[in-house]
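As structure tokens, the structure follows; a few thoughts come after it.
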Amino acid sequence: MLKSAIVRYTIYSASLIVLSEVAYQSFRALKNCYNNWYKNHAQQGASWAVILTNELTMSCPLNHRLNPNSRSAIATLQKISIHEMKPMCSNPYCYESNVGLIEDLLNAAKYSIDVAMFMITSVQISKALARASLRGVTVRIITDTTNAFSPHSQVLYLLKFDNVSIRFNPKEDRKLFHHKFCILDSPSTIKYFLKRLNKLIAKKLEELENISSALMTGSMNFTIQGFTTNFENVLLTDQKEMIQQYSDEYQRLWELFAGSHKD
């Protein structure tokens, strides 16, 4: 009887030790998983901003034109930096502030601008894209074939510039190219062009890790109506994983529509 009790206690003790060790190792594994997630996400310091347009968007531009001192000046950006974006106006929905934020980011791009846009009619944004191409930035545009050459479209204007390439979805498949996003200085795009030029070396790869990139995505086309009279939204972010997903899809679409290029 005594012997069986000792055996039971020995088994219980051994089981308790094993379970304790399992619990401890499980805790360590969970802690490591959390630390890795925190390092890759929470400490990444991703920045974001939101542009909204509504019935208040056009309530102040006339005042700005009559009184230039009614808005704050924005310093020229030396690099793409979402968190430095500050409204020029006390009205958070102001047209001039909204379009100014996007224009400043386009002006800060140094390597590439990838535009996926259903319609492009905004002269101000188109001029910013043209200026980017003139300073050596590679500008790629995918737009819907239905409205590409409509009276207000800026496609023909943009095609005048050497560093601008434009592709379209096939008209015969009757599917709208309804995307509205833009990627600035995408590492994937830069790698793609460096590979084509046989210039993808270790030093360049190291430099790519420190490039400032940005994504604009939402409901808004680059159109006059989108910036002025519609109810729209645009998310601006430099979150790397999100930019990577959009970049991968953009490159896939770029190759898919290779037969439609105008460059």
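The values are calculated or read from the model by the stated rules, or taken from the named source; none is laboratory data. All values reported here derive from a predicted model rather than from experimental measurement. Cβ atoms come from the backbone with ideal geometry, glycine included; neighbour counts cover every protein chain shown.
Residues that are under 21 Å from I166 (Cα atoms) and of a type in the set (V, I, T) were ranked within the stretch 196-242; the one that is modelled with the lowest pLDDT is I224. Can you find, within the stretch 233-263, the residue that is farthest from H179 (Cα to Cα) among those that are in a strand (DSSP E or B) and within 17 Å of the chain's Cα centre (by Cα)? Looking at the filtered set, the residue picked out is T237. Within the stretch 173-191, the set of residues being in a loop (DSSP other than H, G, I, E, B) and either of a type outside the set (F, W, Y) or not assigned by TED's automatic domain parsing to the domain that holds E232 (or both) comprises R174, K175, L176, H178, H179, D185, S186.
Within the stretch 57-94, the residues that satisfy the criterion of being modelled with pLDDT of 90 or more and buried (at least 21 other Cβ atoms within 10 Å of the Cβ) are T57, C94.
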